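The values are calculated or read from the model by the stated rules, or taken from the named source; none is laboratory data. Computed from a predicted structure; not experimentally measured. Cβ placement follows ideal geometry from the backbone for every residue including glycine, while neighbour counts extend to all protein chains displayed. Accessible surface is based on the protein model in full, side chains and every heavy atom, while ligands, DNA and RNA are left aside. Shrake-Rupley method; radii C 1.70, N 1.55, O 1.52, S 1.80 Å.
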Amino acid sequence: MKAYSAWNEYTGFATVVFAETAGKAKAILISTDCFDGFEFTEIRPYRVPELDKEYRGHSEMDWCDDQDRIALVKQGWHCGDDAFRPDECVACPAGKWCERRSEADAEN
């Protein structure tokens, strides 16, 4: 399975799905919360080969899953502005790889 990501320019959220082709990735993406209300032709998936190895039988990576979050953060993902709480970084399983946490720690 190949990893594909797509970004919702209206909400600023993105997600990663696993599929055999970009077209199949779009079919999965259109059913995700991230792309609710989108048309098939409005979704632009791109390959993220670095995440191929993270496929564990699920069609979409889950930010709430520790293993998925660590993999995503290692690729530069982080909490969005509305969800970022520096005081909660201590309990985050991906905290030691998070650039945003490092920046917050440096400011304090």
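Observations, loosely collected:
- Equivalent-ellipsoid semi-axes of the range 35-86, from the Cα gyration tensor, Å, largest first: 21, 18, 11
- The mean sequence distance of close C-alpha pairs (under 8 Å, at least 6 residues apart), as a share of the length of the chain, puts its relative contact order at 23 percent.
- Sparse packing (at most 10 other Cβ atoms within 10 Å of the Cβ) combined with a DSSP loop state is found for the following GluC sites (Glu not before Pro) in the range 1-83: E9, E20, E39.
- Across every pair of non-identical alpha carbons in the chain, the mean reciprocal distance, once inverted, gives a Kirkwood radius of 14.6 Å.
- Summed residue charge, Cβ within 15 Å of L29's Cβ, Lys/Arg positive, Asp/Glu negative: -3
- Sum of side-chain charges, G57 neighbourhood, beta-carbon under 15 Å (Lys, Arg +1; Asp, Glu -1): -4
- Counting only protein heavy atoms and a probe of 1.4 Å, the accessible surface of the chain is 48% carbon and sulfur.
- The range 24-59: trypsin sites (Lys or Arg not before Pro) falling in loop per DSSP and having at most 13 other Cβ within 10 Å: R56
- Cβ-based net charge around A6, under 9 Å, with every Lys or Arg adding one and every Asp or Glu removing one: +2
- Paramagnetic label zone (point 7 Å from Cα along Cα-to-C-beta, T21; backbone N under 16 Å) in the range 39-78: 41, 45-47
- For the pair R47 and A91 in one chain, pulling the backbone fully straight at 0.36 nm per residue adds 12.8 nm over the alpha carbon distance.
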